[in-house]
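A.B. asks: Supplied in structure tokens, the structure appears directly below.
The values are calculated or read from the model by the stated rules, or taken from the named source; none is laboratory data. The model shown is predicted, which means the values in this text are computed figures rather than measured ones. Counting neighbours? That spans all protein chains shown, and the Cβs are built from the backbone with ideal geometry, glycine included. All accessible areas refer to the heavy atoms of the entire protein, side chains included, with ligands and DNA or RNA removed. Shrake-Rupley method; radii C 1.70, N 1.55, O 1.52, S 1.80 Å.
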Amino acid sequence: MSEVMPGTARPAGGITPIAPSASGPAGVVGGVAAVAAAAVIASSAAAANSNNPNGSAAAASQAEPDMKGWLLKWTNYLKGYQKRWFVLSKGVLSYYRAEHGAGAYAGGRSAGGKLSIRRRRKGPRPENQAEMAHTCRGTISLHGALIHTVDSCTFVISNGGTQTFHIKAANEVERQSWVTALELAKAKAIRAMESDEEEEDTAANTIPSEELNLVVRELTVRLENLKTCYDLITKHGTALQRALSELETGDDLANKTKIVSERATLFRISSNAMINACSDYLQTAQTQGHKWSKMLQHERDQKLHLEEMVEQLARQHSHLEQAANRHRPNAATSASDDEDNEFYDAQEEGGSVASQEESSFILNIPVTTHHNHRRNSNDATGSSSEGEEGNSETQQVLVVAEDLGNMDVTDRISVNSSQALTPTLSNQSKVARKRRTRVPEKPNYPLNLWSIIKNCIGKDLSKIPMPVNFNEPLSMLQRLTEDFEYSEILDRAAQTKDTCEQLAYVTAFTVSSYSTTSNRTGKPFNPLLGETYECDRTDDLGWRCINEQVSHHPPMAAQYCEGRGWRCWQEFSMTSKFRGKYIQIVPLGYTHVEFLATGNKYTWRKVTTTVHNIIVGKLWVDNHGDMEIFGENNAKGVKCHLKYLPYSYFTRDTQRRVKGVVMDSANQVKWVINGTWDSKIEIAPVTSTSGSTENPVYKTGNYKTAWTRRVPPPDSDKYYNFTLLACQLNEPEPNVAPTDTRLRPDQRLMEDGKWNESNQEKLRLEESQRARRRQREAEAEQAATEGRPYPPYEPIWFGKEKEEGTDNLVHVYKGSYWDMKAKQDWSKSPNIF
């Protein structure tokens, strides 16, 4: 067996030192020469390593991707599917534009046995990392992506709404190969992401990863040198002892003395090499240890200094906001007059916006050129990164209200009395059950929010475990159910014959779902995969709904609700990022409502919600952005453009204001929407039109109230600022599914005020969910290794169906939940709690 001296585990040029023979002078001489040669090789290799420390890193960077090949990608309606070069590597799918000829498809396996797609003619695919970075046209991260097949050749990759790739392969085998590879890459990306989050510590955050890897590699090499020297010393020491033993017996004393001398020389050389290797290792460890200790301490000091600066800036910002609010032009309605100086309250609750000045406004309406509001590939979801978007032009319209002074007293009374659309049951044969009116009061457990989330800047908060101290005792499934607190607006819309007026009431309903966000700053519980929530209020409110968490990566919930003459459903997902002073929540997915009598259907997506004053000051919430509500089926062509104005300290406009217009199929404004999302919404018909085609002026009739927020109980701040409906959502109820949120132990413990026990139970449930997911991933990898398909997770009460007019798959209610509840057949429900 050959021996290698330190630094020469794999000598350059394939040179391997000759092992010394155990017998004969020639072997001893050869062994001495080998040791000397090894010492030279060791110094040469060490010099080579010091001159090229990035050699191994460079080689690693050239590693083959998981999969690569030519596929067709949908671009837009004009160009259709275009050929693109796709590369799957490290949990990210990238694609590159084909600049030259197309070439024929051919299937094959790349190095490592992975299936890829190649071209028979040489194509313009990227040849190196620099070219790939320069020519990349788009990427999508797989750790939170949804992957599904459309037909034998087409599959879709979506990350929940912001990006969608529609891709077509040459044949079914090719498509299945890509889908399998993508699913495996997604599982690995999720596992790597969670592993990184669990093992992340301060040192890892402060030391550059590449430098750290180099140091670890260097220390590893030197440690291997020490082991080699130890083996040599052991071997030559044993040989020396054997030679000394033989010296005491037998003749030929001179020859044996020479052998002992040579053995002793080998032992001395090996010992010197061991001493040198130990010295090198110690010097490297001491040098790097001192260096990294200094860097680590510096980074810690910098981090503490940065935290102090951020808190100081946040306080200064808060003071400036308050000062600016006190000097706003419309300070008469400013919250600085409030005794608690809550600067974000710009308007008293219930304040009317129907003054002559505030009822007149200017609105910019986007001019849509797509025939369908929703994406087939590249519009609303922003999936195209090739600059192939639709028209983004806007049209400016002016809305002028009639003088409300012309209304007589009877008109005023009728308008005001229409605020409360009290539910009236035509058939009250079923007696409504008595429900609770409040939940246990929130205990006082002080906790510094900044101390926990300061390390979460830029991360998605839905994937970060938080203690229940920041939660409210409701899950996201129950928060979605709160959208129907003002379902009487939909009841009113179902009775309306005019389509545009009906859409105006639907718009008021969409705004009403934000009414509780103004003072609800608690975070709802993240539902477990397979968790459900039912709410049957047909006996008093006239509706019932069922919700289910249908996906974990990305988090996604499906909901279906049916009421008096209408049904509503949605697929809800979101992204949330912590930006330092505020948290921004961007909803994904669409909500639909359909009226059974007319077949009119309307679709919309919710706007962005921002939670301010995370570091210092009182938390407050703002909703802002543009919302488009589109008519479908019998209401096709009718649409509403609604604008949520962002909160501003330097505007004369009413804070939290919402304004919009309803247009018919000829793009003529028929109704006007005006109000605030935390108080009331008023609607008015357009009576006349003037001005130019580019800048029309619409004059409205009298406003009538479509929605008014019900005043919360005076002591609701003691129990999470819950409304009456919110207090009843988590009330225990018999005969619900075993996966129902009401049975979730950590949420129930929190509601009962046992927060420490709740935190422990929350950790147990999350770890149990991770274990189930790891098991599914292991089974999927095993199936892929064996070449057989592995069925993805399937929800119990919702199934995937192709969305009408698009290639996207959405979760649709199967219609069996209430029948199974009547039979008490929960055999399909998993044990998740």
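A.B. asks: What whole-number distance in Å separates the alpha-carbon centres of segment 733-749 and segment 561-586?
C.D. replies: Value for the Cα centre distance between the two parts: 22 Å.
A.B. asks: What order do you get for 819-827, 233-241 when each peptide is scored by the mean count of other beta carbon atoms within 10 Å, highest first?
C.D. replies: The most tightly packed comes first, giving 233-241, 819-827.
A.B. asks: Quick check: residue separation of residue 214 and residue 733 times 0.36 nm, minus the Cα distance between them. What number comes out in nm? Intermediate results must be reported in sequence, preceding the final value.
C.D. replies: On the way: separation 519, 0.36 × 519 = 186.84 nm, distance 6.00 nm.
Stretched fully, the residue 214-residue 733 segment lengthens by 180.8 nm.
A.B. asks: Once you have the Cα-Cα distance between residue 291 and residue 306, take 0.36 nm times their residue separation minus that, and quote the gain in nm to one decimal. Intermediate results must be reported in sequence, preceding the final value.
C.D. replies: Working: separation 15, 0.36 × 15 = 5.40 nm, distance 2.23 nm.
Roughly 3.2 nm would be gained on extension.
A.B. asks: For segment 465-580, what is the convex hull volume of the alpha-carbon atoms per residue, in Å³?
C.D. replies: Roughly 131 Å³ of hull volume per residue.
A.B. asks: Related question: Using a simple spin-label model with points 7 Å from Cα along the Cα→Cβ vector, what separation in nm is obtained for residue 470 and residue 717?
C.D. replies: 2.3
A.B. asks: What order, most packed first, do the peptides 532-541, 70-79 have when packing is the mean number of other Cβ atoms within 10 Å of each residue? Write down the numbers at each step before the final one.
C.D. replies: Numbers: 532-541: 19.7, 70-79: 18.0.
Per-residue mean Cβ counts within 10 Å order the peptides as 532-541, 70-79.
A.B. asks: Follow-up question, since we're still on this one. Kindly report the accessible area of segment 633-785 per residue (heavy atoms of protein chains, probe 1.4 Å, no ligands, DNA or RNA), in Å².
C.D. replies: For segment 633-785, the solvent-accessible area averages 42 Å² per residue.
A.B. asks: Quick one: Debye curve from the C-alpha atoms of segment 591-735, no solvent, what's log10 I(q)/I(0) at q = 0.14, 0.22 Å⁻¹?
C.D. replies: Debye intensities relative to I(0), on a log10 scale: -0.92, -1.46.
A.B. asks: How much of the accessible area of segment 790-833, probe 1.4 Å, is carbon plus sulfur, in whole percent? Mind dumping the intermediate values first?
C.D. replies: Values: 1320 of 2580 Å².
Ligands and nucleic acids excluded, carbon and sulfur give 51 percent.
A.B. asks: Taking the square root of 5 times each eigenvalue of the Cα gyration tensor, what semi-axes in Å does the equivalent ellipsoid of segment 687-782 have, largest first?
C.D. replies: 48, 27, 13
A.B. asks: Moving on. Within 10 Å, count the other beta carbons around each residue, average over each peptide in 650-658, 764-772, 740-748, 685-693, and list them highest first.
C.D. replies: 740-748, 650-658, 764-772, 685-693
A.B. asks: Quick one: length gained pulling residue 793 to residue 247 fully straight, 0.36 nm per residue minus the C-alpha distance?
C.D. replies: Using 0.36 nm per residue and subtracting the Cα-Cα distance, I get 188.9 nm.
A.B. asks: Above 15 Å lies some portion of the pair distances; for segment 547-642, what is it as a whole percent of all C-alpha pairs?
C.D. replies: 69
A.B. asks: Now, a different point. Say each of residue 771 and residue 433 gets a label point 7 Å from the Cα, pointing the same way as Cα to Cβ; how far apart are those two points in nm?
C.D. replies: Roughly 3.3 nm, to one decimal.
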